[in-house]
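Step one of this worksheet: look at the structure below.
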Amino acid sequence: MKAKQMAGERAVEYVKDGMIVGLGTGSTAYWTIQKIAQKVKEGLDIRAIPTSRETKKLAEELDIPLVSLAEVKHIDLTIDGADEVNRDLNLIKGGGGALVREKIVAFASKKLIIVVDQSKMVDALGTFPLPVEIVHFGANQTLFNLEKLKCQAKLRREDEEIFNSDNDNYIVDCQFGQIEAPEQLNTIINNMPGVVESGLFVEMTDMVIVGNNQGEVSILK
Ligand code: 5RP
């Protein structure tokens, strides 16, 4: 079994009857969603909140009962992937462009479990370009302001077209190399006019489940 599948499926052990569950986005969360669907077919009684259009579509195809965030006071557990995880369990997310919904759902959750393969574990965040979601108006100005933070900032494109998020915003990928103080950087970026949200998830994660290519899983808390 592949590392992402190992990690993604293991997290489903923490999903219990009656829970409201946040469903992450990406190729690792995919395995979580598949496993949850299997358990729902076997009688698991949950309602789920997807973090992207892609995940919503998958959950609907698999007949996982969904509920909107507007209808619930809190989410019991969210299981999501990440692009980088450091030793303090701080994250870079948004490689798939779903960082805003992912962060809203994670913030509303009592517990956040992150599922990754070993390659995502790093000593310091920042090798993976930090995704930042920005509004269309004044996008060039926002990009220049991000570059002032000493990163290489690039407007994300997909098949030559500028990438638009599920919220109809742009994403800027910011190559920092090494992020010394993630919390501080997150605050600075989020205080910038035009920025919707940064892909830094600081002090939000309760548990990280890491799969490796030997078929083993380790749990970090
Ligand atoms: C999407 C995300 C994903 O969770 C992240 O990109 C990891 O994806 P994958 O599990 O496919 O490597 O943040 O916005």
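Looking only at region 116-135, which residues are in a loop (DSSP other than H, G, I, E, B) and not hydroxyl-bearing (Ser, Thr, Tyr)?
Kept after step one, since they are in a loop (DSSP other than H, G, I, E, B), are these residues of region 116-135: 122-129, 135.
Within region 116-135, VAL122, ASP123, ALA124, LEU125, GLY126, PHE128, PRO129, VAL135 meet the criteria.
Tally time: how many residues in region 1-49 are part of a loop (DSSP other than H, G, I, E, B), of a type outside the set (A, V, I, L, M, F, W, C), open to solvent by 10 Å² or more (accessible area, probe 1.4 Å) and modelled with pLDDT of 95 or more?
Our first condition is that a residue be part of a loop (DSSP other than H, G, I, E, B); within region 1-49, this holds for 1-2, 15-19, 24-28, 42-46.
Remaining after also requiring of a type outside the set (A, V, I, L, M, F, W, C): 2, 16-18, 24-28, 42-43, 45.
Add one more test, that the residue is open to solvent by 10 Å² or more (accessible area, probe 1.4 Å), and what stays is 2, 16-18, 25-27, 42-43, 45.
Keeping just the survivors that are modelled with pLDDT of 95 or more gives 16-18, 25-27, 42-43, 45.
Going through region 1-49 one residue at a time, the tally reaches 9.
Does GLU180 satisfy the condition of being charged (D, E, K, R), within 25 Å of LYS111 (Cβ to Cβ) and open to solvent by 40 Å² or more (accessible area, probe 1.4 Å)? It would help to see each step written out before you state the result.
On the way: charged (D, E, K, R): yes; within 25 Å of LYS111 (Cβ to Cβ): no; open to solvent by 40 Å² or more (accessible area, probe 1.4 Å): yes.
Judged against the criteria, GLU180 is not a match.
What residue, of ASP117, ASP123, ASP88, is within 12 Å of the ligand (Cβ to nearest atom) and either open to solvent by 30 Å² or more (accessible area, probe 1.4 Å) or in contact with a strand residue (DSSP E or B) (Cβ under 9 Å, 6 or more places away or on another chain) (or both)? Walk me through how you get there before you give the answer.
Values: ASP123 fails: within 12 Å of the ligand (Cβ to nearest atom); ASP88 fails: within 12 Å of the ligand (Cβ to nearest atom).
That would be ASP117, the only listed residue that is within 12 Å of the ligand (Cβ to nearest atom) and either open to solvent by 30 Å² or more (accessible area, probe 1.4 Å) or in contact with a strand residue (DSSP E or B) (Cβ under 9 Å, 6 or more places away or on another chain) (or both).
Do you know which of the residues in region 51-85 that are in contact (Cβ under 8 Å) with a residue 40 or more places away in the chain and part of a strand (DSSP E or B) is farthest from the ligand (Cβ to nearest atom)?
For region 51-85, the residue satisfying everything is ASP76.
What is the residue count in region 146-165 for residues that are of a type outside the set (A, V, I, L, M), open to solvent by 40 Å² or more (accessible area, probe 1.4 Å) and touching a helix residue (DSSP H, G or I) at 6+ places or on another chain (Cβ under 9 Å)? Don't jump to the end; show me each part of the working.
The initial filter retains those residues of region 146-165 that are of a type outside the set (A, V, I, L, M), namely 147-148, 150-152, 154, 156-161, 163-165.
Okay, now just the ones that are also open to solvent by 40 Å² or more (accessible area, probe 1.4 Å), so 147-148, 150, 152, 154, 157-161, 164.
Then drop every residue that is not touching a helix residue (DSSP H, G or I) at 6+ places or on another chain (Cβ under 9 Å), which leaves 154.
Selection size over region 146-165: 1.
With ASP166, ASP123, ASP159 as the choices, which residue is under 30 Å from GLY215 (Cβ atoms) and acidic (Asp, Glu)?
Numbers: ASP166 fails: under 30 Å from GLY215 (Cβ atoms); ASP159 fails: under 30 Å from GLY215 (Cβ atoms).
Checking each option against the conditions leaves just ASP123.
What is the number of the single condition among (1) within 16 Å of the ligand (Cβ to nearest atom); (2) closer than 30 Å to PRO182 by Cα; (3) among the hydrophobic types (A, V, I, L, M, F, W, C) that ILE20 does not meet?
(1)
Determine, yes or no, whether LEU200 is under 18 Å from LYS93 (Cα atoms), surrounded by 15 or more Cβ atoms within 10 Å (Cβ to Cβ) and without any contact (Cβ under 8 Å) to a residue 40 or more places away in the chain.
Numbers: under 18 Å from LYS93 (Cα atoms): yes; surrounded by 15 or more Cβ atoms within 10 Å (Cβ to Cβ): yes; without any contact (Cβ under 8 Å) to a residue 40 or more places away in the chain: no.
It is false that LEU200 is under 18 Å from LYS93 (Cα atoms), surrounded by 15 or more Cβ atoms within 10 Å (Cβ to Cβ) and without any contact (Cβ under 8 Å) to a residue 40 or more places away in the chain.
The values are calculated or read from the model by the stated rules, or taken from the named source; none is laboratory data. The shown structure was predicted, so the numbers you read here are calculated from the model rather than taken from an experiment. In this analysis, Cβ positions are derived from the backbone assuming ideal geometry, glycine residues included, and neighbour counts consider all displayed protein chains. For the accessible areas, the whole protein counts, side chains as well, though only heavy atoms, and no ligand, DNA or RNA atoms are used. Shrake-Rupley method; radii C 1.70, N 1.55, O 1.52, S 1.80 Å.
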